[in-house]
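Read through the structure below, which is laid out as structure tokens, and then see the notes.
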Amino acid sequence: MSNALSDVSFWFDSVGDLPQADIAPLPDRLDVAIVGAGYTGLWTAYYLKQREPGLRIGVFEAERVGFGASGRNGGWCMGAAYGVQPLLDDPATRSRGVTLARALFDTVDEVGRVCQSENIDAHYAKGGTLNVATIPFQVPYLKRHLEQLYRTGFSERDYQWLPERESRARLAMTPNHGALYSLHCAALHPARLVLGLADVVRRQGTHIYEGTPVNAIESGSIATQRGTVNAGAIIRATEGYTDTIEGQRRRLMPNYSMVTATEPLPESLWQEIGLKERETFGDPRRLVIYGQRTLDNRLVLGGRAGYYFGSKRHRSIPPDDPKVVRVKALVTKLFPMLEGYEITHGWGGLMGVPRHWRPCVQWDTRARTGWAGGYVGEGVGASNLAGRVMADLVTGRATALTELPWVNDQ
Ligand SMILES: Cc1cc2nc3c(=O)[nH]c(=O)nc-3n(C[C@H](O)[C@H](O)[C@H](O)COP(=O)(O)OP(=O)(O)OC[C@H]3O[C@@H](n4cnc5c(N)ncnc54)[C@H](O)[C@@H]3O)c2cc1C
């Protein structure tokens, strides 16, 4: 036993030893082959087995379960996704946008429900999320946005304005001029979720072939670095690493986000900072920042970072990488009371950005191949919904989920 992923993120560093990689002999034939053992691949496997327990499913993972963004993210399980707002803005698509938005709200509860029913100890806490105005002009901007949400049909149960005093009482971030609060978000421990989900999927009878990079996907078969496997249906769930597959180089642009974690902070300091309900928080700046209070009382703060020259990919990002250091500097800028406390971890991970900046669930009924992703850094919740949609598509069910606007939206 060892943990070869401890350098990948604080989350992996905190879970102790991992079992040896599962590099079992390859099967000749499967009903469904899934490429990628992150949330998307694993949720798809999970719901496929729920719908048809007899299916023979294999998940093929180049590295280890959770190696990608799923084991590295900020742990916001959010009831939102890229691409919903433009649907809400256009009267012609508004009602479909509302349906998608509501499906994403419900997804936060669905993730909590499965964690509870399947005994996945992912430190899930639905404390909602605060979008904090850190510059005065963000106040009217956020208020206008809130009014627009109310006009669209959402209510105070979904979104509320917290004036400065109330917002500061929730989160002593500096500055804090008020916040747009939404109930539809949970904080969780990303690696515990992905590892726990993998255990559940294995218990359902699905094999996860780790250390098995897939080079090419065709209708009816995948070519892995260890041989070819035939399958009746093939799903690609490779997100920021999609360019490793033949012919898919330009499908999703790999883009980095960086995260930091402090040492566990004393309760007296949390009395001052707030986040009693483990609310997640961010602000409306263009390069998104995101934070949460972990169950062991650390402050985790992340920020979008961009590319490395030539879209170069790194297995792990060291804590002294300049892009990580920039996020570290934000910690004491936003929380001056943390001066003198140690930032013990800094890491980064790859997100997948589609050309139209909207996630999608794609399924070709004739070729029986499909893919899901393109979450642009907002996939912890959305991947669960995508998994349910994909399971319906693969098993030929026409449901409310398969009518969602992100199905076959390319
Ligand atoms: C630093 C960071 C912070 C984030 N924070 C948040 C957040 O707080 N909230 C939120 O909603 N979203 C967040 N995200 C985004 C979220 O983590 C992702 O959208 C989500 O995890 C995507 O899951 P996935 O399974 O589609 O992709 P991944 O988790 O990236 O999984 C893809 C898997 O496929 C494997 N793979 C790739 N190519 C091949 C191949 N050729 N053969 C075999 N296997 C292959 C990879 O090794 C990887 O394990 C963040 C992302 C990052 C990087």
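The values are calculated or read from the model by the stated rules, or taken from the named source; none is laboratory data. These numbers were taken from a predicted model, which means no experiment stands behind them. Glycine gets a Cβ as well: all are built from the backbone with ideal geometry, and neighbour counts include every protein chain shown. Areas reflect the complete protein model, heavy atoms only, side chains present, ligands, DNA and RNA absent. Shrake-Rupley method; radii C 1.70, N 1.55, O 1.52, S 1.80 Å.
Remarks
- Residue in the range 375-395 that is in a loop (DSSP other than H, G, I, E, B), open to solvent by 10 Å² or more (accessible area, probe 1.4 Å) and away from the ligand (no atom under 13 Å from the Cβ) present: yes
- Boolean, Trp371 is more than 9 Å from the ligand (Cβ to nearest atom) and open to solvent by less than 30 Å² (accessible area, probe 1.4 Å): yes
- When every residue of the range 77-86 is checked against the conditions, none turns out to be closer than 30 Å to Gly205 by Cβ, of a type in the set (Phe, Trp, Tyr) and within 15 Å of the ligand (Cβ to nearest atom).
- Given (1) modelled with pLDDT of 95 or more; (2) surrounded by fewer than 23 Cβ atoms within 10 Å (Cβ to Cβ); (3) touching a Lys or Arg at 6+ places or on another chain (Cβ under 9 Å); (4) under 20 Å from Ala198 (Cβ atoms), number of the condition Pro53 does not satisfy: (3)
- Matching residues in the range 340-361 - criterion: being surrounded by 18 or more Cβ atoms within 10 Å (Cβ to Cβ), outside any strand (DSSP E or B) and either within 11 Å of the ligand (Cβ to nearest atom) or at pLDDT 95 or above (or both): Tyr341, Pro359
- Any hit, the range 227-243, residues being open to solvent by 30 Å² or more (accessible area, probe 1.4 Å), more than 22 Å from the chain's Cα centre (by Cα), more than 9 Å from the ligand (Cβ to nearest atom) and among the hydrophobic types (A, V, I, L, M, F, W, C): no
- Where Thr224 falls short, out of the listed (1) away from the ligand (no atom under 16 Å from the Cβ); (2) polar (S, T, N, Q); (3) open to solvent by less than 40 Å² (accessible area, probe 1.4 Å): (1)
- Scan of the range 9-43 for residues that are in a loop (DSSP other than H, G, I, E, B) and within 16 Å of the ligand (Cβ to nearest atom), ordered by number: Ser9, Ser14, Val15, Ala21, Asp22, Ile23, Ala24, Leu26, Pro27, Gly36, Ala37, Gly38
- Tyr181 of a type in the set (Phe, Trp, Tyr) and either at pLDDT below 95 or open to solvent by 70 Å² or more (accessible area, probe 1.4 Å) (or both): no
- Residue within the range 198-208 that is buried (at least 18 other Cβ atoms within 10 Å of the Cβ), within 9 Å of the ligand (Cβ to nearest atom), in contact (Cβ under 8 Å) with a residue 12 or more places away in the chain and small (Gly, Ala, Ser) present: no
- Evaluation of Gly306 against (1) within 21 Å of the chain's Cα centre (by Cα); (2) loosely packed, with under 15 Cβ neighbours inside 10 Å; (3) near the ligand (Cβ under 9 Å from one of its atoms) (one fails), failing number: (3)
- Thr99 being more than 10 Å from the ligand (Cβ to nearest atom) and buried (at least 24 other Cβ atoms within 10 Å of the Cβ): no
- Filtered residues of the range 323-339 (kept if hydroxyl-bearing (Ser, Thr, Tyr) and within 13 Å of the ligand (Cβ to nearest atom)): none
- Picking from residues in the range 1-30 that are of a type in the set (A, V, I, L, M, F, W, C), open to solvent by 60 Å² or more (accessible area, probe 1.4 Å) and in contact with a Lys or Arg (Cβ under 9 Å, 6 or more places away or on another chain), the one that is nearest to Gly71 (Cα to Cα) is Ala4.
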